[in-house]
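Q: Mind having a look at this structure? Questions to follow.
The numbers here are math on the coordinates, done by the rules we state, and not lab data. It should be emphasised that the depicted structure is a prediction, and the values quoted were computed from it without experimental measurement. Note: ideal-geometry Cβ built from the backbone for every residue, glycine included; neighbour counts use all protein chains shown.
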Amino acid sequence: MDEAETIDDLKANLDEYQKQLATVEDSLKQDPENQELISLKRDLNEVIILTNDLIKYKQSNEGILLFVKVFLELLKQGVIHLEDIKDVDITTSIFIGRTCVVLYNGKQKYGEVVQVMGDQPNDLTVIELLGSREKCSLCLKDLRLLEPPLPAQCKPGSLVQALYGEDGYEDGYIYLFRRWYDCIINRQTEKGYIVTYKDYNTSEEVQRDRVKTKIKEVKEIVTPAGYVIPENLIIKKTDNEKEKLRKRKLVQTLKKQQKSQKEDEESYKRASNWRKFQKKVTNF
């Protein structure tokens, strides 16, 4: 799925995927045990979810930039005056505090917008990475904000996932583990939601754009080398060469990500063991 596609392109693709899904569902009525059709239906549902998410993301970012452009045009036309809003930094109010995705040292990380240096597409924004608190910058036009789910999707009792900002930092050592955690919505707040993490039975408040709906889990297999691969990426005899190539590329990408994560975990364990050893030596 190409992020350079326009919203209209994505909507056209979505319409086509939904038609394909309807055709597959009709075929399943005739042959409900057909594993190929079942797998195809699952894949189409995943693609539809991803396409919907990308449409929402693009609409959110386009809406923000349009708001800025309209605001500047109204200033230019004299419809509104800076002295009327002299205590309000309109650019800051839109972006500051929002959560975004950045590519940092070749890895995807999450951060919070802490400074905006202008309102033009090529003006810089300063991002503070969650966990490590390192800072980086990128152009406003390249800012990828996380899109919060609809309030109707986050009613009390709803199962969602939350981004825990402090995960990834301890005693000056940086490490990367899972960032999205399964949790239950307790209640809405002014800034977001009070959630309880399922695996840890701890609660905290998280802001709206650090919550996402939980996507239905896909069956996975573990390779002899320890890599976890979704079942729908396993090459089948019936796959054509194009499909085999697509699956191989996705599997290679997953393996690289998992290898990198494993190296980060091992690095943290070594650092942790060294700290424990130093503490023991100091106590003697």
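Q: Using label points projected 7 Å from each Cα along Cα→Cβ, tell me how many nm separate residue 188 and residue 223, to one decimal.
A: Roughly 4.5 nm, to one decimal.
Q: Tally Lys and Arg at +1 and Asp and Glu at -1 over the other residues with C-beta under 11 Å from the C-beta of residue 191: what net charge comes out?
A: Working: positive: 208, 210; negative: 190, 205, 209.
Its environment carries a net charge of -1.
Q: Continuing with the same structure: Once you've got the Cα coordinates, tell me which of 56/212; 141/242; 56/214; 56/262; 191/212 are over 23 Å apart.
A: Going by Cα-Cα distance, 141/242; 56/262 fall outside the 23 Å limit.
Q: Follow-up question, since we're still on this one. Got a sec? Which residues in the stretch 26-53 would a label at residue 213 touch, if it sits 7 Å along Cα→Cβ and we count backbone N under 15 Å?
A: 45-53
Q: Can you give the extra length, in nm with one decimal, that the chain gains between residue 200 and residue 136 once fully stretched, where that is 0.36 nm per residue apart less the Cα-Cα distance?
A: Gain on stretching residue 200 to residue 136: 19.9 nm.
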